[in-house]
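This report concerns only the one structure given below.
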Amino acid sequence: MSTISPTPDAGPAHGRVGVVVVAAGSGARLGAGQPKAFVAIGGRRILDWAVAGACAVGDVAQVVLVVPGDYVAELTSTYAVSPAPGRAVVRVVAGGAHRSDSVRAGLAALDPRLDIVLVHDAARCLTPTGVYERVIAGVAAGDPAVVPGLPVVDTMKVVDPQGRVLHTPDRSSLRAIQTPQGFRRAALEQAHARGLDASDDAALAESCGIPVRVVDGDPRAFKVTTPADLQRAEHQIAGGAT
Ligand code: CTP
Ligand code: MG
């Protein structure tokens, strides 16, 4: 397997960026009785927050929104009638059974001219623009894969299936990884070429030897996962600290 090294054609990202927003999960841990991305926070659905956030980034030319198959027609008309503000074009496609299947569906639908691709969890619906910008800047500057991350505050333990502690990694070397994760398009395509599933795209890139760099994430890019996270998001929208 070949390894993608830093791009030789690094340069400005303007208009070269596509964002795949994955919103096709069921949201089992939220337990809202409907797919998580359709749950409203502050009067707006999670997926609409996420699309608006991606479209607000100046370098983004296209957003591919990946949703459960049953919702493609409805959302295609929604975004045809009310395009997101900004210059990005929104396209809606059906996702798959696993997150990585959904990413691949989005990647296949992306304008072939875009050579920087961000993959973003719709569930990180309130991600500030600065996180996108740091990720895009990293890829534009030559890194094939760039992910946002935060230092971890708790002590972490590696345990076996019986809960026995195997070891305690040095906390200062750990980061909690968020999205959007940015890639040179060729790197992301290589990462997904074997059709494997992982909880993030960087893990697939790492598994084929693509170097991944971490830039600063943001606590406000947290992932809505449980019912308590809905309250956190409401609070954040209302202008409170997180
Ligand atoms: N996702 C997706 N397609 C899937 C699974 C997940 O597009 N088959 C998306 C989710 O919609 C979400 C993101 O991947 O925006 C991160 O996944 P997660 O937070 O795990 O969401 P769900 O899988 O929907 O939630 P749960 O694991 O609780 O069922
Ligand atoms: Mg999931």
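None of the figures in this text is laboratory data; all of them are computed from the coordinates on show. It should be emphasised that the depicted structure is a prediction, and the values quoted were computed from it without experimental measurement. So basically every Cβ, Gly included, is an ideal-geometry build from the backbone, and we count neighbours across all protein chains shown.
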Would you mind telling me which residue in GLY106, GLY182, GLY86 has the biggest mean-square fluctuation in a Gaussian network model of the chain, where springs connect alpha carbons within a distance under 10 angstrom?
GLY86
Net charge of neighbours whose Cβ lies under 12 Å from the Cβ of VAL103, counting Lys and Arg as +1 and Asp and Glu as -1:
-4
Fewest to most Cβ atoms within 10 Å: ARG16, ARG44 sort as ARG44, ARG16
Specify which residue in the list GLY25, VAL117, VAL64 is farthest towards the positive end of the charge dipole of the chain, using unit charges on the beta carbon of Lys, Arg (+1) and Asp, Glu (-1), about the Cα centre.
GLY25
Placed amide H near VAL215: partners under 5 Å, 5+ positions off or other chain
VAL147, GLY149
With +1 on the Cβ of every Lys and Arg and -1 on the Cβ of every Asp and Glu, the dipole magnitude of the chain about its Cα centre, in debye rounded to the nearest 20, is 180
Among the DSSP beta bridges whose two residues both lie in the stretch 128-242, what percent are antiparallel, rounded to the nearest 5?
65
Out of all DSSP beta bridges in the chain, what portion is antiparallel? Express it as a percent rounded to 5.
35
Order the peptides 205-216, 124-135 from the highest to the lowest mean number of other Cβ atoms within 10 Å of their residues.
124-135, 205-216
List the residue ranges in the chain for DSSP H helices whose C-alpha atoms run 15 angstrom or more along the long axis and whose Kyte-Doolittle average is 0.0 or above.
129-140
Label the stretch 103-242 by shape, choosing from rounded, prolate and oblate, from the square roots a ≥ b ≥ c of the eigenvalues of the Cα gyration tensor; if a/c is under 1.5 it is rounded, and otherwise prolate applies when a/b is larger than b/c, oblate when it is not.
oblate
